[in-house]
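Mind looking over this structure? Questions follow.
The values are calculated or read from the model by the stated rules, or taken from the named source; none is laboratory data. Every value quoted in this text rests on a predicted model; they were computed, and no experiment measured them. Cβ coordinates were reconstructed from backbone atoms using ideal geometry, including for glycine residues, and neighbour counts include every protein chain displayed.
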Amino acid sequence: MENQIENKNFEIIVRKAVIEDINQIAKLDIENEKENLKENLKENLKEEVVENGIKFLIENPKFGSFFVAENSGKIIGFYMINFEWSDWRNGMFWWLNKLFIQKEFRTEKIYSKFHQFVKDFAIKTKAVGFRSCIPKKNIETQKIFEELGMKEVDYYAFEDIFN
């Protein structure tokens, strides 16, 4: 499944990621984390670890998926999705864990078309909805998700990292 987004200055292809995309996604993923965390980045992300994490998800689609947006054969953005089973809805939620598009391609049309492609894909697989956990300081992404029709909910996110 693939979709084409046209703009005056560029053409974007949106598709599900494949193994050959790992290196490009990893570079963007690290760029994304550095942009979001800036001076708060406590440790440098290791490209090899990130690449292995991306490879695992692409090779094990029962856990999630990567979707990519590309321009002239170069990946300029990605969506990372993980799945969560809901007993209350008897269906799968898609967690929109990461959304990144390079700055020069950030237009509302690109975000909304990219999101709609992933949403259409989710609906075809009988997903029950989207969820996302966004850093409190990432106001830009919060606004984007609101513009895309997502709503803030009354939950906090907690974690306990084991390694």
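Condition check: more than 15 Å from the chain's Cα centre (by Cα) and among the hydroxyl-bearing types (Ser, Thr, Tyr). Does Thr125 satisfy that?
yes
In this structure, does Asn7 turn out to be surrounded by 14 or more Cβ atoms within 10 Å (Cβ to Cβ) and at pLDDT below 85?
No.
Identify the residue in the stretch 29-65 that is β-branched (Val, Ile, Thr) and at pLDDT 90 or above and, among all such residues, is farthest from the chain's Cα centre (by Cα).
Val49
Can you name every residue in the stretch 106-163 that is surrounded by 14 or more Cβ atoms within 10 Å (Cβ to Cβ), outside any helix (DSSP H, G or I), at pLDDT 90 or above and among the aliphatic types (A, V, I, L, M)?
Scanning the stretch 106-163 gives Ala127, Val128, Met150.
Right, next: Do we find a residue being out of contact with any Leu (no Cβ under 8 Å at 6 or more places or on another chain), within 24 Å of Glu11 (Cβ to Cβ) and aliphatic (A, V, I, L, M) anywhere in the stretch 140-160?
Yes, there is a match, as at least one residue in the stretch 140-160 is out of contact with any Leu (no Cβ under 8 Å at 6 or more places or on another chain), within 24 Å of Glu11 (Cβ to Cβ) and aliphatic (A, V, I, L, M).
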